[in-house]
Amino acid sequence: MSIDSSLTASERARLSTVRVGIAGAGGLGSNCAMHLVRSGVRRLVIADFDAVSAGNLNRQFFFTDQIGRPKVEALRENLLRIAPDLELELHCCRVDAGNAERIFAHCDPVVEAFDDADAKRLLIDLLLRAGKTVVAASGIAGWGRSGAIRLQQAGRRLYLVGDGEAAVEGESGARHPTSPRVGLAAAMQANTVMAVLLGVAP
């Protein structure tokens with residue numbers, strides 16, 4: 001993989017040695033992981049219990065021949081095609097109160113990439129109490145309104161990406177996640193992780 005000339009040697013070294021956690025390998029998590037790997041991050045801990053389905057392909061970093069496979073395994077395959085030198089720790093399980101701190105014990109920051117609002121709140125609370133920096137997302141459903149997706153610092157170690165309104169719910173197409181807005185949010189999460197790691201303002 002070619003070296004990103006926009007980064008200094010020390011910045012590249014920093015990105016290659018830190019360990020970033022990603023909780024959830026769906027639309028946010030899979031795309032955020034892809035952006036981080038393309039940016040020089042080489043050590044990831046990724047956790048997700050789900051398998052790739054046909055309904056995921058409109059917004060997630062997976063392909064038709066991966067349908068039915070665990071998301072973490074399919075994502076590993078795709079990320080290694082970008083950068084074969086990755087160090088990937090995968091957990092094919094549901095992240096909950098009983099295992100979150102153990103799974104992400106050596107990660108900082110951690111990307112929160114869940115769909116369920118209650119699971120989001122639980123994970124964020126657990127990780128913040130464990131002293132982790134968390135880059136979360138909320139309010140990414142629908143399409144258009146690109147400028148509404150923004151980054152907010154919600155605490156000393158919590159960053160939140162989204163519009164704060166467009167929850168994924170109901171039967172309305174406006175509430176379904178679409179690739180453009182999911183992609184925007186995932187890219188903003190990755191960009192925020194890089195800023196945190198390199199010590200610049202997110």
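The values are calculated or read from the model by the stated rules, or taken from the named source; none is laboratory data. Please read these numbers as outputs of a predicted model, since none were measured by experiment. Glycine also receives a Cβ, built like all others from the backbone with ideal geometry; neighbour counts cover every protein chain displayed. Ligands, DNA and RNA are excluded from the accessible area calculation, which covers all protein heavy atoms including side chains. Shrake-Rupley method; radii C 1.70, N 1.55, O 1.52, S 1.80 Å.
The set of residues in the stretch 1-19 that are at pLDDT below 85 and open to solvent by less than 70 Å² (accessible area, probe 1.4 Å) contains only ASP4.
Give CYS32, CYS107, CYS93 a once-over and let me know the one that is within 28 Å of ARG14 (Cα to Cα) and either in a loop (DSSP other than H, G, I, E, B) or open to solvent by 40 Å² or more (accessible area, probe 1.4 Å) (or both). Give the steps one after another, and end with the answer.
Working: CYS32 fails: either in a loop (DSSP other than H, G, I, E, B) or open to solvent by 40 Å² or more (accessible area, probe 1.4 Å) (or both); CYS93 fails: within 28 Å of ARG14 (Cα to Cα).
Just one listed residue meets the conditions, CYS107.
Open to solvent by less than 30 Å² (accessible area, probe 1.4 Å), of a type in the set (Gly, Ala, Ser) and at pLDDT below 95: does that describe GLY199? The answer is no for GLY199.
Answer with yes or no whether ARG102 is over 17 Å from the mean Cα position of the chain (by Cα) and either surrounded by fewer than 14 Cβ atoms within 10 Å (Cβ to Cβ) or part of a helix (DSSP H, G or I) (or both). It is true that ARG102 is over 17 Å from the mean Cα position of the chain (by Cα) and either surrounded by fewer than 14 Cβ atoms within 10 Å (Cβ to Cβ) or part of a helix (DSSP H, G or I) (or both).
Which members of the stretch 46-59 meet the condition of being touching a residue at least 40 places away in the same chain (Cβ under 8 Å) and part of a loop (DSSP other than H, G, I, E, B)? Of everything in the stretch 46-59, those that are touching a residue at least 40 places away in the same chain (Cβ under 8 Å) and part of a loop (DSSP other than H, G, I, E, B) turn out to be ASP48, PHE49, ASN58, ARG59.
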